[in-house]
Amino acid sequence: MQRTVFLFAVFLFISGCGSTGPLDRYTCCRQQPFGTPTKPGELRVTFLGNSTLFFSDGEEHLLIDGFISRPGLLQFVFGHIEPDQGRIHAMLERLDIEERSLKAVIPVHSHYDHVLDAGEVAKRTGALLVGSPSTLTVGSWSELPRSQMRNVAENPKLTIGNYQLTFIKSKHAPAGPLRQFFGGKLGAKIDAHSRPPLRAGCYHEGVSYSVLIEHGTQRILVHASAGFAEDALAHPDYQADVVFLGIGGLGQASPAYKRMYFRETVEAVNATTIVPVHWDNFMRPETPGLKPFTPLFDNFHGAMGFLVEQADTSPNRTLIILDSWEQLNLSRLSGRD
Ligand SMILES: [Zn+2]
C-alpha cells in the first residue's frame, strides 16, 4: 500500500497539471526559415524530440540517439518498457531512409530516453550502432552482430561515411536518488544478462559523451546532457560552429552552475549557434507542438531565459529552438559551403 501511495505521488509529481507555454514565447529564437529546400551536399538536421537528431547531407545520414518509442508516464512509473516496433517503423518510413544510407545510430549515453530503440533502428537499417559498452549491450538485445557495433571506449575517433566523429567523455546532469531509481543510475552499466521489457530504471547511464561531428567544413557538437567534465572541451581540436545543447534539468540549477555549464560547453568550443535539446516532455509522442515537462519536474523557461540572456549579451551568438520535425540547414547557418 505504502509503495502504491509513493508511486502515485511520483506520478503526480511528474505529470503535474499541464504543460507550460508554447515556443511562441521565444520569437527571438524562431527566425530561421525552417525546412527550406537544400542543395545537394548541404548538411541539414531534423529535430525529432529529446536529443534525437537526424543529420543528412542528402546521401548519408547519422542518427543521434534514435529514441522513438517515448513510452508514456504510466508505463515509465509502473510498467516495463521495450522498443515500440510500430512507432519505429512509422518514423523510419517518414524519414525515407534508403537502404544502407543511415550510417550510424549514436546514443549519447544509455539511459532509456536515449538508447531504448537504438539497437532496433540499427537492425532495421543496417546502420552501425556506436557507443559505450552499455549501449552495445542494448544492441545485443536486437541481435546485432559485433561487426555492426563500435565501442567508442576503444575508438573515440571514427570516420563513418562522410562524417568524422570524436567522442569526448562528459558528465551527466546531476540527478537525485528518485530520478536514478526511476530513470537509471549514473555511472552504472546496464546488466548484460537482463533482457527487455525492463523497468526504465534498468537502463543505466553507462558513459556520457559529447559528440563532435565533422562534415566537410562543418563542425557540430552534440552535448545532450546538462552536465560537464571540467575542461573536457577546452581543446583547440574541439572547436564547433553549432552546439546542440542539453538543457534538461538546467532550469533548476543555480545561476553559478548555469554560467559554468555555458562556459564549459558553448564558450569552450566557441560556438556561434546554440540549439537547445532535451527540453520536451519525452513521455508524449514527438508530434509537432512539443511541450516541456511541467514546472514541477523541470524549469524549461528558467533554462531558456538564461540562454536568451546569454545570446542577447553576445551579438555573435544565435539561439535557435526547433519544434519536432523542423529542419535546419547547417551549411547555410555558418555561411560556409
Ligand atoms: Zn540521462
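Can you confirm whether the range 60-67 contains a residue that is farther than 20 Å from residue 214 by Cα and buried (at least 21 other Cβ atoms within 10 Å of the Cβ)?
First pass over the range 60-67, keeping only residues farther than 20 Å from residue 214 by Cα: 67.
Retained after the next criterion (residues that are buried (at least 21 other Cβ atoms within 10 Å of the Cβ)): 67.
Looking for residues that are farther than 20 Å from residue 214 by Cα and buried (at least 21 other Cβ atoms within 10 Å of the Cβ), one finds at least one in the range 60-67, hence yes.
Which of the residues belonging to the range 57-71 are closer than 22 Å to residue 38 by Cβ and acidic (Asp, Glu)?
If the condition is that a residue be closer than 22 Å to residue 38 by Cβ and acidic (Asp, Glu), then 57, 59, 60 are the ones that fit.
Against the definition (buried (at least 16 other Cβ atoms within 10 Å of the Cβ), polar (S, T, N, Q) and in a loop (DSSP other than H, G, I, E, B)), how does residue 294 come out, yes or no?
So residue 294 fits the description; yes.
Please verify whether the range 266-280 includes one or more residues that are surrounded by fewer than 23 Cβ atoms within 10 Å (Cβ to Cβ) and in a helix (DSSP H, G or I).
yes
With respect to residue 284, determine if the residue is out of contact with any strand residue (DSSP E or B) (no Cβ under 9 Å at 6 or more places or on another chain), in a loop (DSSP other than H, G, I, E, B) and basic (Lys, Arg).
Judged against the criteria, residue 284 is a match.
I need the full set of residues from the range 169-181 which are surrounded by fewer than 17 Cβ atoms within 10 Å (Cβ to Cβ) and either away from the ligand (no atom under 14 Å from the Cβ) or not in a loop (DSSP other than H, G, I, E, B) (or both), in order please.
Passing the criteria: 169, 177, 178, 181.
Step by step: first the residues of the range 245-262, then only those that are outside any loop (DSSP other than H, G, I, E, B) and within 13 Å of residue 223 (Cβ to Cβ), then the one that is nearest to the chain's Cα centre (by Cα). Which residue is that?
Step one: list which residues in the range 245-262 are outside any loop (DSSP other than H, G, I, E, B), which gives 245-246, 250-252, 255-262.
Next, from what is left, pick out any that are within 13 Å of residue 223 (Cβ to Cβ): 245-246, 250, 261-262.
Values: 245: 9, 246: 7, 250: 15, 261: 17, 262: 17 Å.
For the range 245-262, the residue satisfying everything is 246.
Which one of these is closer than 14 Å to residue 211 by Cβ and among the hydrophobic types (A, V, I, L, M, F, W, C): 128, 102, 178, 116?
128
Identify the single condition in (1) within 16 Å of the ligand (Cβ to nearest atom); (2) more than 30 Å from residue 40 (Cβ to Cβ); (3) out of contact with any Lys or Arg (no Cβ under 7 Å at 6 or more places or on another chain) that residue 211 does not satisfy, given that it satisfies every other one.
(2)
Considering only helices (runs of 4 or more DSSP H) fully contained in the range 57-164, which possess at least 1 residues that are touching a residue at least 60 places away in the same chain (Cβ under 8 Å), over 23 Å from residue 330 (Cβ atoms) and within 16 Å of the ligand (Cβ to nearest atom)?
The helices (runs of 4 or more DSSP H) meeting that bar are 73-78, 112-115, 133-141.
Name the single residue, out of those in the range 214-227 being within 16 Å of the ligand (Cβ to nearest atom) and in a loop (DSSP other than H, G, I, E, B), that is farthest from the chain's Cα centre (by Cα).
227
Where residues in the range 151-168 are hydrophobic (A, V, I, L, M, F, W, C) and in contact with a Leu (Cβ under 6 Å, 6 or more places away or on another chain), which of them is surrounded by the fewest Cβ atoms within 10 Å (Cβ to Cβ)?
158
Could you tell me how many of the residues in the range 192-208 are touching a residue at least 40 places away in the same chain (Cβ under 8 Å) and more than 16 Å from the ligand (Cβ to nearest atom)?
Residues that pass the stated criteria total 4.
Could you figure out which of (1) away from the ligand (no atom under 16 Å from the Cβ); (2) assigned to a helix (DSSP H, G or I); (3) crowded, with 19+ Cβ neighbours inside 10 Å isn't true of residue 332?
The single condition residue 332 does not satisfy is (3).
Read the figures in this text as sums done on the coordinates, not as results from a lab. Not measured: the values here are computed from a predicted model. Counting neighbours? That spans all protein chains shown, and the Cβs are built from the backbone with ideal geometry, glycine included.
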